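Working notes, beginning with the structure itself.
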Amino acid sequence: MSLVENGAPGADALLDEVYGARPPAPRVGITGPPGAGKSTLVAEMALLLRRQGRRLGVIAVDPTSPYTGGAILGDRVRMSELSTDPGVFIRSMATRGSLGGLAARTEELCELLSAWGSDLTLIETVGVGQSELDVAQAADTTVVVLTPESGDAIQSLKAGLMEIADIFVVNKADHAGADQLAAGIRSALGLRAPAAWRPPIVKTIATERQGIEELNEAIEKHRAHLGDPGVSEGLRREKIRARLKNAVRERLLEGAWERKGLGALLDRAADQVLHGTISPYRAARDLIERMTDHGERSPN
Amino acid sequence: MAGKIRVLVAKAGLDGHDRGAKVVASAMRDAGFEVIYTGLHQTPEMIVQAAIQEDVDAVALSILSGAHMTLFPRVLALMREKGIGDVLLTGGGIIPKEDMASLKQAGVGQLFGPGTPTTAIIDYIRGASE
Ligand SMILES: Nc1nc2c(ncn2[C@@H]2O[C@H](COP(=O)(O)OP(=O)(O)OP(=O)(O)O)[C@@H](O)[C@H]2O)c(=O)[nH]1
Ligand SMILES: [Mg+2]
């Protein structure tokens with residue numbers, strides 16, 4: 001898995017081999033603000049699904065520090081009950097801050113988990129930026145988790161988070177304000193153009209195992225909706241298109257940076273910008289030009 | 001392309017606080033590591049399963065309960081049994097010098113006592129994973 005995550009040599013061959021080896025496991029993204037209870041929910045959903053005999057992959061994404069490149073991946077803390085179950089494979093992943101790269105890496109890990117034998121893959125990500133949008137792209141069903149505490153945040157919720165939700169969860173329903181939050185979501189949804197799928201709102205208390213069954217059922221319903229031939233063909237094509245675009249972008253960029261000399265060119269351009277000789281935009285255009293004409297002739 | 005150094009940080013045994021482990025985990029993050037933090041009361045089975053799934057370069061255990069002479073060998077044996085005997089096992093806690101020496105004899109990596117600067121363990125892991 002690390003091979004793939006690092007884009008190491010051999011990773012592509014491995015991915016080619018596993019692709020299609022087993023039917024791809026459906027992917028459910030779980031996103032929401034920090035501390036909303038995503039990991040607790042994932043653990044409870046997984047426990048329930050295990051009791052129904054399903055094998056599960058879990059990918060837990062946490063942000064990489066932009067300053068140090070390091071990360072603390074702490075979602076396993078809430079998943080202790082699953083941690084010796086051979087029917088569950090949990091993998092923590094740092095965002096590593098690459099543009100669109102997160103989506104590509106998530107896809108790839110999902111494919112490896114499918115090959116491992118996952119019947120369903122749950123992907124947890126913190127909704128604080130680009131990452132949840134990337135993950136939504138990789139997921140078939142996206143669950144957005146909010147809590148009464150995030151109540152006033154809902155106004156400021158980026159349109160993006162509203163748009164990507166296939167299902168809303170109001171977690172910590174034991175706290176005051178859960179009903180108001182649900183009403184707030186409902187009215188925000190009412191402003192959207194009518195669509196074939198109307199995102200349901202599920203109330204849960206993850207710490208007391210309440211609402212978990214309803215949540216899993218809502219996910220099943222959404223899957224059935226996706227499986228509807230009228231919907232699925234177009235949607236699937238759209239997903240595959242986005243997936244391909246990411247894969248191409250990742251491979252193009254990586255290849256380009258690694259080619260000899262580009263690092264040095266980047267250093268030189270940075271110096272020029274630093275000393276005010278040229279603008280960063282001009283430098284970027286020059287670099288792109290160098291990348292593209294070196295591309296064809298380069299030995300690798 | 002070089003990957004990130006991934007380290008599993010776990011608290012094994014029954015002692016109930018993880019301040020020390022969290023300090024080490026933060027220092028590792030600041031050093032650019034990806035730290036998988038699993039929390040309190042981890043059994044050897046949980047630790048080894050997580051180490052396999054997370055594909056880590058090192059496992060760092062914090063043990064303050066005095067059970068180090070049973071826990072470290074147990075984790076090491078399980079790691080070998082499950083095919084990840086080549087992954088570094090290190091850690092720290094209140095561990096007498098002679099215990100550190102005999103654990104090292106048994107194949108455990110270097111262990112660090114209380115008050116060791118976090119840079120020591122970071123440098124050690126970085127050196128070992130190169
Ligand atoms: N009262 C209450 N507390 C909850 C509920 N669900 C989760 N919590 C608590 O909320 C805290 C955060 O839960 P996590 O599951 O770690 O939340 P998370 O969204 O995964 O957090 P990050 O991954 O750090 O963003 C924990 O202390 C949980 O015990 C709930 O339904 N009710
Ligand atoms: Mg979490």
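Pick out the one residue from B:70, B:90 that is polar (S, T, N, Q), surrounded by fewer than 16 Cβ atoms within 10 Å (Cβ to Cβ) and either on the phi < 0 side of the Ramachandran plot or assigned to a loop (DSSP other than H, G, I, E, B) (or both). Give the derivation first.
Values: B:90 fails: surrounded by fewer than 16 Cβ atoms within 10 Å (Cβ to Cβ).
Just a single option satisfies the conditions, and that option is B:70.
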Study note, to complete from the structure: Exception for residue A:87 within (1) more than 10 Å from chain B (Cβ to nearest Cβ); (2) closer than 21 Å to residue A:142 by Cα falls at (2)
Practice item. Would you mind telling me which numbered condition in (1) within 16 Å of ligand 2 (Cβ to nearest atom); (2) part of a loop (DSSP other than H, G, I, E, B); (3) in contact with a strand residue (DSSP E or B) (Cβ under 7 Å, 6 or more places away or on another chain) residue A:25 fails? Key: (1)
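Tell me whether region A:43-57 contains one or more residues that are surrounded by fewer than 20 Cβ atoms within 10 Å (Cβ to Cβ), within 16 Å of ligand 1 (Cβ to nearest atom) and not in a strand (DSSP E or B).
Filtering region A:43-57 for residues surrounded by fewer than 20 Cβ atoms within 10 Å (Cβ to Cβ) gives A:47-48, A:50-55.
Filter once more, keeping what is within 16 Å of ligand 1 (Cβ to nearest atom): A:47-48.
Restricting the remaining residues to those that are not in a strand (DSSP E or B) gives A:47-48.
Looking through region A:43-57, at least one residue is surrounded by fewer than 20 Cβ atoms within 10 Å (Cβ to Cβ), within 16 Å of ligand 1 (Cβ to nearest atom) and not in a strand (DSSP E or B).
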Practice item. Return yes when residue A:86 is over 23 Å from residue A:247 (Cα atoms) and either surrounded by 16 or more Cβ atoms within 10 Å (Cβ to Cβ) or away from ligand 2 (no atom under 16 Å from the Cβ) (or both) and no when it is not. Key: yes
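Residue by residue, here is whether (1) more than 7 Å from every other protein chain (Cβ to nearest Cβ); (2) of a type in the set (Lys, Arg); (3) under 25 Å from residue A:3 (Cα atoms) holds:
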| residue | (1), (2), (3) |
| --- | --- |
| B:21 | yes, no, no |
| B:27 | yes, no, no |
| B:37 | no, no, yes |
| B:46 | no, no, yes |
| B:56 | yes, no, yes |
| B:76 | yes, no, yes |
Exercise for review: Go through (1) polar (S, T, N, Q); (2) at pLDDT below 95; (3) within 22 Å of residue A:85 (Cα to Cα) one by one and return the number of the condition residue B:62 breaks.
Suggested key: (3)
**Study point:** Unmet requirement for residue A:148, which otherwise passes all of (1) under 17 Å from the mean Cα position of the chain (by Cα); (2) free of Cβ contacts under 8 Å to residues at least 40 places away in the same chain; (3) within 12 Å of ligand 1 (Cβ to nearest atom)
**Key:** (1)
Exercise for review: Hey, can you tell me all the residues within region A:40-55 that are within 14 Å of another protein chain (Cβ to nearest Cβ) and within 16 Å of ligand 2 (Cβ to nearest atom)?
Suggested key: A:40, A:43, A:46
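Residue under question is residue A:68, and the condition is that it be at pLDDT below 95 and more than 7 Å from every other protein chain (Cβ to nearest Cβ); does it hold? Spell out the reasoning first.
Values: at pLDDT below 95: yes; more than 7 Å from every other protein chain (Cβ to nearest Cβ): no.
When the stated conditions are applied, residue A:68 does not pass them.
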Check your understanding: residue A:114 is checked against (1) within 16 Å of ligand 2 (Cβ to nearest atom); (2) more than 10 Å from every other protein chain (Cβ to nearest Cβ) and fails just one. What number does that condition carry?
Key -> (1)
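The values are calculated or read from the model by the stated rules, or taken from the named source; none is laboratory data. Note that the structure is a prediction, hence the values are computed from the model and not measured. Neighbour counts run over all protein chains shown; Cβ positions are idealised from the backbone, glycine included.
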